[in-house]
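First the structure, in the form of structure tokens, and then the observations on it.
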């Protein structure tokens, strides 16, 4: 809906939807530049109470942080985060923003869209838990929720591969260590879906960025599948970052 803005002096007012007019307080959550989520605290709490939903725990918050950390800093944009979080995780994400544990950073390189940053306190808690449990169920959860995973640390990759060796043996999960030293992993279903798009769209040597745009998929997801196609002999890297099908 579109609501007119009424200006009185230095202040501006908008007309609220009917279901919010009886509220004494309204919560605003900043999503990204120019976009806000408006909600009723009372209504939100009542709905959770009626559903019997549990209170957000630290483990819930660290699960969301794990998904955030699965992306490179430059890729933690509002659009990317929206794609990898489910509806419950998005609520937790908004809660972390409200607590000032996560915020949108708009430095010189990220003025246009911004990238999400994590407070030192929350990052320390996440790192401490990660050191105690190098492979958490959340890492597997990230793989199955977004379809792919990129692991930079060799020890983490070893622990992860040991944990899912049965699924890898059966072919349900595919993985490879690329020339850049990173480990690219995907589920069989995700691989088949993106591979089909790539074979349909790629007619000549193209950059990974161009291929990801044509296939309407994130660059990293595209790279995971491309590296596996290189391994199987279905594609070649014509030059750094450029791929062609065979």
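The values are calculated or read from the model by the stated rules, or taken from the named source; none is laboratory data. Bear in mind the structure is a predicted one, so any value in this text is a computation, not a measurement. We place every Cβ from the backbone using ideal geometry, glycine too, and count neighbours over all the protein chains shown.
Across the stretch 163-185, what is the number of residues that are out of contact with any strand residue (DSSP E or B) (no Cβ under 9 Å at 6 or more places or on another chain) and in contact (Cβ under 8 Å) with a residue 24 or more places away in the chain?
Going through the stretch 163-185 one residue at a time, the tally reaches 2.
Check 96, 135, 85 and return the single one that is crowded, with 17+ Cβ neighbours inside 10 Å and modelled with pLDDT under 85.
Exactly one residue qualifies, and that residue is 135.
Please verify whether residue 155 is exposed (fewer than 15 other Cβ atoms within 10 Å of the Cβ), touching a residue at least 12 places away in the same chain (Cβ under 8 Å) and not in a loop (DSSP other than H, G, I, E, B), treating the condition exactly as stated.
yes
Are any residues in the stretch 106-129 more than 14 Å from residue 68 (Cα to Cα) and in a strand (DSSP E or B), and if so, which ones?
Listed by number, the list is empty, since nothing qualifies.
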